[in-house]
Amino acid sequence: MNGFYNILKPTGMSSAAVVAVLRRLTGIRRIGHAGTLDPEAAGVLPVMTGKAARLFDYLADKEKEYVAVCAFGSRTDTQDATGNVIEEGTNYPDRETFLKAASELTGEITQTPSMYSAIKVGGQPLYLRARKGETVEVPSRKVRIDRIELLRETEDHGFEIRVNCGRGTYIRTLCEDLGNKCGCPAHMRSLLRTRSGAFTIDNAITLEEAKALAEAGQLESRLLPPDYALGHLPKTDVPVRFGKTVINGAKLPLFPDAKSIQEGDPVRVYLKNQFWGIAVRRGEELVWKAQIAPEETEEMN
């Protein structure tokens, strides 16, 4: 049971709660999520099971895609529709004004997320501390916005947008920043993450579907392989004569197909077309960083 479940997280549920449900359904203790989604957001949440958790640092999760509605006319203390209104305005932007603001917020920008975000300060998510009435200084951060595409204008002065961005970007903060650029207070009305690296909404399953599959004994049929999200990394195929070396987790020589790998860079290691994990180049050797033995392995001579 080493691999990934691509879960469509519902609105109003924390990422940790989703993991708890999958833990109960699978009976596996070692489960975690990659790429936290705030409770009020819905969408793609990759869940790692078993030894796949060792691959977290190598996942291609830097590219994110969201569909959101930016609503003009009010700003809230949470930067989304769940918060208290702290500012109102009626200088609603037209399409041209909105697109100009969006272009100015494309590229590398600085964001200051809300106290009600999932950022951890002192080991605890800010939104939990905010609910306790605590006030913590939220650090600003550099993020990357690749594209803000206007999909349509909605009722009540909303603009539905598709955002392609890098890791760590807060779309609710982007909505508030769009309001500041347009001269009209704004907040995020809704949010759906449609992509997190290699995981897309097209093959995500809901928790209800996961429960039904588990009851039918078929949940494992939706388990994605451990190397599913590692296609961005180079690959090396180990000759069969090094089979026992691989199984023992010993250092491997730098094979011809890995000569172009730079010092310290990770590479996917395969033996007889089976994925065995991640190694990095150290001089003329490959040193294991995250070994994931296949579920079923053939005996090596």
Taking Cα atoms only, helix 171-182 is inclined relative to the longest principal axis of the chain by an angle, in degrees rounded to 10, of 40
Could you tell me which of Val138, Gly158, Tyr170 has its Cα farthest along the dipole of the range 121-255 towards the positive end, charges placed at Cβ (Lys, Arg +1; Asp, Glu -1), taken about the Cα centre?
-> Val138
The range 109-129 versus the range 30-107: alpha-carbon centroid distance in Å = 13
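Using the eigenvalues of the Cα gyration tensor, what equivalent ellipsoid semi-axes result for the chain when each is taken as the square root of five times the eigenvalue, whole Å, largest first? Could the numbers behind the result be given before it?
Numbers: eigenvalues 344, 97, 57 Å².
Values for the chain, descending: 41, 22, 17 Å.
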Positive-end residue of Phe72, Gly43, Gly3, charge dipole of the chain with Cβ unit charges | Gly3
Would you mind calculating the gained length between Glu88 and Asp257 on full extension (0.36 nm times residue separation, minus the Cα-Cα distance), in nm to one decimal?
-> 54.8 nm
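Does the range 1-99 come out rounded, prolate or oblate by the C-alpha gyration tensor, with a ≥ b ≥ c the root eigenvalues, rounded set by a/c under 1.5 and, if not, prolate when a/b is larger than b/c and oblate if not?
Prolate, since a/c reaches 1.5 and a/b exceeds b/c.
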Long-range alpha-carbon pairs in the range 167-221, meaning those over 17 Å apart, account in percent for 60
Full-stretch length increase - Arg23, Ala212 - with 0.36 nm per residue and alpha-carbon distance subtracted | 66.6 nm
Would you work out the charge dipole size for the range 1-144 about its Cα centre, treating the Cβ of every Lys and Arg as +1 and the Cβ of every Asp and Glu as -1, and quote it to the nearest 20 debye?
-> 1000
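Let me spell out the model: positive unit charges on the Cβ of Lys and Arg, negative unit charges on the Cβ of Asp and Glu, origin at the Cα centre of the range 144-194. What dipole size does that give, in debye rounded to 20? Present the calculation step by step, with values, prior to reporting the outcome.
On the way: 9 positive and 8 negative charges, 66 e Å.
The calculated dipole for the range 144-194 is roughly 320 debye.
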Which residue fluctuates the most in the chain, going by a Gaussian network model with Cα springs under 10 Å, if the choices are Leu219, Leu174, Leu45?
-> Leu219
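Where the convex hull is taken over the Cα atoms of the range 126-274, what is its projected area averaged over directions, in nm²? Write out the running numbers ahead of the final one.
Details: hull surface 64.7 nm².
Orientation-averaged projected area of the Cα hull: 16.2 nm².
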State the percentage of accessible surface on the chain attributable to carbon and sulfur atoms; use a 1.4 Å probe and exclude ligands, DNA and RNA.
-> 45
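Report the calculated FRET efficiency for Arg152 and Asn248 (r = Cβ-Cβ distance, R0 = 51 Å), to the nearest 0.05.
Values: r = 58 Å, r/R0 = 1.13.
So the FRET efficiency works out to roughly 0.30.
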For Val121 and Thr97 in one chain, what is 0.36 nm times their gap in residues minus the Cα-Cα distance, to one decimal in nm?
-> 5.0 nm
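May I ask you to give the solvent-accessible area per residue for the chain, in square angstrom, as obtained with a 1.4 angstrom probe? Mind showing how you got there, number by number?
Numbers: 14520 Å² over 301 residues.
In whole numbers, the chain has 48 Å² accessible per residue.
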Pick out, from Pro239, Ala216, Ser260, the residue whose Cα sits farthest towards the positive end of the charge dipole of the range 212-274, with +1 on the Cβ of Lys and Arg and -1 on the Cβ of Asp and Glu.
-> Pro239
Report, to the nearest 10°, how far helix 15-26 tilts away from the longest principal axis of the Cα atoms in the chain, using its own Cα long axis and a range of 0 to 90°.
-> 40
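The values are calculated or read from the model by the stated rules, or taken from the named source; none is laboratory data. Quick caveat: nothing in here was measured; it's all calculated off a predicted structure. When we count neighbours, we look across all protein chains shown, and the Cβ atoms used for this are built from the backbone with ideal geometry, even at glycine. Please note that ligands, DNA and RNA were not included when accessible areas were found on the heavy atoms of the full protein model with its side chains. Shrake-Rupley method; radii C 1.70, N 1.55, O 1.52, S 1.80 Å.
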